[in-house]
1. Which far-off residues, 5 or more places away or on another chain, put their amide H under 5 Å from the one on residue A:66, with H placed in the peptide plane?
2. Using a cut-off of under 16 Å, list every residue of segment A:66-101 whose amide N is near the label point 7 Å from the Cα of residue A:22 along the Cα-to-beta-carbon line.
3. In whole angstrom, how far apart do the alpha carbon centroids of segment B:15-63 and segment A:1-53 sit?
4. Enumerate the whole-percent occupancy of each 10 Å bin, from 0 to the last occupied one, for all C-alpha pair distances of the protein assembly as shown.
5. If R0 is 41 Å, what FRET efficiency do you get for residue A:112 and residue B:70 from their C-beta distance, rounded to 0.05?
6. Name all residues of segment A:84-106 having a backbone nitrogen under 20 Å from the label point set 7 Å from the Cα of residue A:38 along its Cα→Cβ direction, giving them as ranges.
7. Can you give the Rg to Rh ratio for segment A:1-75, taking only C-alpha atoms and Rh from Kirkwood?
8. According to the square roots a ≥ b ≥ c of the eigenvalues of the Cα gyration tensor, what is the shape class of chain B, taking rounded for a/c under 1.5, prolate for a/b larger than b/c otherwise, and oblate for the remainder?
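Bear in mind these aren't lab numbers, they're just calculated from the coordinates by the rules spelled out. Everything numeric here is computed off the predicted structure, so don't read it as measured data. Glycine also receives a Cβ, built like all others from the backbone with ideal geometry; neighbour counts cover every protein chain displayed.
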Amino acid sequence: NAGVTQTPKFRVLKTGQSMTLLCAQDMNHEYMYWYRQDPGMGLRLIHYSVGEGTTAKGEVPDGYNVSRLKKQNFLLGLESAAPSQTSVYFCASSWYGNGDTEAFFGQGTRLTVV
Amino acid sequence: AQSVTQLDSQVPVFEEAPVELRCNYSSSVSVYLFWYVQYPNQGLQLLLKYLSGSTLVKGINGFEAEFNKSQTSFHLRKPSVHISDTAEYFCAVMDQGGSEKLVFGKGTKLTVNP
């Protein structure tokens, strides 16, 4: 039972490079989220998805793009990385129904942009 | 849009002392409320959640929280903490039947000293 798996776990990028972070969940959840965590800032929502083929902007979407082509995968892309995007990125998936909901988190991806 | 304020960024306590971590939220509609815990270099795991009904919610590891609609608060409490409770704690809010956005506060770092 893998839950939510993030790939890669660590990455160092040079300014201007691009990369894609992969989030995969095996719980058949409809909703998926990407957050970034910075010291003293908590978790800030970048983008989220309420189902396959849908995406929506969160609190801090600039500089990021996302895609949800398959229900189980949610990709976060950085087209031209900047040092301000150095952060720990967390993916989450959640279910919702009958007045109940719960989100499950991956272990995080530590990204450094130099 | 919903938002969360965690009033204390750091809370130091001695082992076996009681602790309260404060959380206030803002929303124009009814909400679901959550407390998550993050141990060093790990993802987030759910401590407890308020969906509806009883305002006192019990969670894992002896934690409980009380929902107060008039004060828009959801404070987390534990009557006697252990060294192993040292972690960062996040309060989160989601609007009921709405946007499915899960928004977090900035976190409270709880340090339990011997």
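1. Hits under the 5 Å cutoff: A:77.
2. A:67-78, A:91
3. Cα centroid of segment B:15-63 versus Cα centroid of segment A:1-53: 23 Å apart.
4. So the P(r) values, bin by bin, are 8, 33, 35, 19, 4, 0.
5. Values: r = 45 Å, r/R0 = 1.10.
The calculated FRET efficiency here is 0.35.
6. Taking a point 7 Å out along Cα→Cβ of residue A:38, the residues of segment A:84-106 whose backbone N falls under 20 Å are A:84-92.
7. Numbers: Rg = 12.8 Å, Rh = 13.3 Å.
Here the Rg-to-Rh quotient is 0.96.
8. Working: a/c = 1.99, a/b = 1.69, b/c = 1.18.
Taking the square roots of the gyration eigenvalues as a ≥ b ≥ c, chain B is prolate.
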